[in-house]
1. What are the pairs, 6+ residues apart or on separate chains, where a residue within the stretch 302-326 that is free of Cβ contacts under 8 Å to residues at least 24 places away in the same chain and under 21 Å from Val359 (Cα atoms) has its Cβ under 9 Å from a residue that is open to solvent by 60 Å² or more (accessible area, probe 1.4 Å) and part of a helix (DSSP H, G or I)?
2. Tally the residues that are under 22 Å from Val134 (Cβ atoms) and open to solvent by less than 60 Å² (accessible area, probe 1.4 Å), restricting the search to the stretch 226-241.
3. Counting just the residues of the stretch 46-93 that are in a loop (DSSP other than H, G, I, E, B) and among the hydroxyl-bearing types (Ser, Thr, Tyr), which one comes out farthest from the chain's Cα centre (by Cα)?
4. Out of everything in the stretch 560-584 that is open to solvent by 20 Å² or more (accessible area, probe 1.4 Å) and of a type in the set (D, E, K, R), what residue ends up being modelled with the lowest pLDDT?
5. Residue by residue through the stretch 21-45, note down the ones that are under 21 Å from Pro11 (Cβ atoms), outside any helix (DSSP H, G or I) and not polar (S, T, N, Q).
6. Got a number for residues in the stretch 588-604 being open to solvent by less than 50 Å² (accessible area, probe 1.4 Å) and touching a Ser or Thr at 6+ places or on another chain (Cβ under 8 Å)?
7. Do we have any residue at all in the stretch 500-512 that's under 27 Å from Pro394 (Cα atoms) and either modelled with pLDDT under 95 or crowded, with 24+ Cβ neighbours inside 10 Å (or both)?
8. Give the number of residues within the stretch 256-266 that are touching a strand residue (DSSP E or B) at 6+ places or on another chain (Cβ under 8 Å) and closer than 16 Å to Gly286 by Cα.
Amino acid sequence: MPSKTHQPSAPKRPHPLTSHGVTRVDDYYWLRNKEDPETLKYLRSESDYLDEVMGHTQPLREALFSEMKNRIQETDTTVPEKRGDFFYYERTEAGKQYPIFCRKAGSLEAPEEILLDQNQLAEGKSFCGISGFVPSPDGTKLAYLVDFGGREIFEIYIKDIASGEYYPEVLENISGSAYERMGVEWANDSKTIFYITLDETLRPDKLFRHVVGSDPKEDVLVLHEEDETYYLFCNKTRDDVFITTYHYSTNTREFRFMDANDPASELKILQPRIDGLDYYASHHNGKFFIVHNENAKNFKVSLAPVENPGKENWTDILTHREDVLVEGVDTFENHIVVHERKGGLKQYRISAVDGLSNVRYVQFPEPTYSVYPESNVAFETNLLRLRYSSLITPFTIVDVNMDTGEWDVKKEEVIHGLDKKNYVMERIHATAPDGTQVPLSIAYRKDLQKKDGTNPALMYGYGSYGATIDPYFDSNRFSLIDRGFVYAIAHIRGGYDMGREWYEKGKMEFKRNSFTDFIACGEHLVKEGYVAKDKLAIQGGSAGGLLVGACMTMRPDLFRAVIAKVPFMDVVTTMEDASIPLTTQEYDQWGNPEDKAMFEYMLSYSPYNNLQKTDYPNLLITTGLNDPRVSFWEPAKFTAKLRELKTDDNLVIFYVNYDSGHAGASGRYDYIKEIALDYAFLLDRMGIK
């Protein structure tokens, strides 16, 4: 392996930053400038270094890619979903990176109609991401969002399905998602669409109305969310009665609605925003079922009439419970489904339309699991479609009969070579420094785990925004588990795992709890013999990258290797720059650095600001050059500074995807290749052949 003298070295250009009388000298601030030729030169030097020092792992990476690819059903089809007179589904073909979007008219025996082949769409493109994919209510048109740059700035294309021809207009600068199918909604006339555009910081802020076939310059601005701490979203109710807007900030929400049969009708406010009031509504037969937190830390469910839905008319139907978090509510013609979380596990409460009678809970077969609803577009149905899995159980699509509770398994994911009997899944707890019991979900192979302190382990965490990392299935992990790894998910504070308090005790002035919880989980795995004290690796992405970066700087001795993917590493500098996407909206997550106390607190854990001259673990850090959420310069600066200060010979490599954004490669095979690099790095650093 090359010596330290061969490592890339970024030039130092001291840049003073002064806040509250404290001056920080950032030697690598200049890396923020993508137009500076030296920036790309440095990134390329890191890519060349990665190729050099990881070259010997190429056969391993190819073997990992092959085994991960061979586990999956390459030619496959999703479970069809009925919308109007058509059954819609996606299918994949072996050797092709992207799905093909299809439908059949009337029955599943009808001829297939291909609506969009994303493989053709991606020809000649280094990145191709699809967000909203929505057929018109009458089934004659298709609107979809596509991103060719990885920055999550989408374009809307509209297609006449019968002719296959596209309408001439292309709508630009559209808000979509790299993770969800969202971004466009149809009015019931099948000729009007609603979409949201982005401001200069990539905040979704304006709702427009567009008539298909018209000039986008004629589009009507329906709403402008001017408060820079709010994001704007648009949805349609399941019963097709309302087009709705959802105004989201960290602690406060607002909901508006308009008649989906009258695209020019007025948007009405359900309940004007009140600081700290968090609510969301679902419509049912002239009433709103509202999940909210008024005098209810873990949320409750109330009912309000559409004619006068303000909170003075809210009637509680599901009161607050200290041990149950209410996460959402879905309405169907004859059923109300409340999404809950108890003891860290998801559950679904099904009732009659009054929300009170004929209550039943969906039963799940394992003690720890992951489950979430499919889109469930049909309103007039007694079936609730769920996607269920666990760390050792592949994804299963089930239709739950809401009248009887019976499961109808529609599809079980095929994982070649996986015998579930060979694996064990456990839910254990670690004790945080303040005495809090922190859950861990772990999985390992029976014949390779002796609990004698000899196994390697990879522990994953996130712990921010209230996001909960449930123990879901990922076939790729078995390339580690089958080599003796324990795989663990640490359910640390900052998520919603154990309720609203769990989230609030992991943000703002309590953010360090996320890090100490994670460290305690790692120490527990070592103490209980699940993992060798010198074979513990950790992984996190985005805010989870902040997690592993902070833990690495707080306890560098505890970890053998760290994988930090698109990590948020320079907390203070980013939060001081309101021009960066996400910043102002996140003052209630991390703190506003204009507040001296919060500035000092953030500075106390920000990974970039806490690097010292000491030994650090092996590190693989990644970025996407077009990432709009965590800009490439954060991991770039962290890598450069770490190289300058570290006193060990452990390996630090920096992977740059020059074509992608926050979510990594868009093609499924390219995505697996990135995971193969992650795992080859771990196996190489652990000395596992």
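1. Partner pairs satisfying both residue conditions: Ser302/Lys311.
2. 10
3. Selected residue: Thr75.
4. Within the stretch 560-584, the match that is modelled with the lowest pLDDT is Asp577.
5. Within the stretch 21-45, Arg24, Val25, Asp26, Asp27, Tyr28, Lys34, Glu35, Asp36 qualify.
6. Looking only at that region, the number is 3.
7. There is no residue in the stretch 500-512 that is under 27 Å from Pro394 (Cα atoms) and either modelled with pLDDT under 95 or crowded, with 24+ Cβ neighbours inside 10 Å (or both).
8. 5
The values are calculated or read from the model by the stated rules, or taken from the named source; none is laboratory data. All figures in this text were calculated on a predicted structure; none of them were measured in a lab. Quick reminder, even Gly has a Cβ in these numbers, built from the backbone with ideal geometry, and neighbours come from all protein chains shown. Surface accessibility is based on the protein's heavy atoms, side chains included, excluding ligands, DNA and RNA. Shrake-Rupley method; radii C 1.70, N 1.55, O 1.52, S 1.80 Å.
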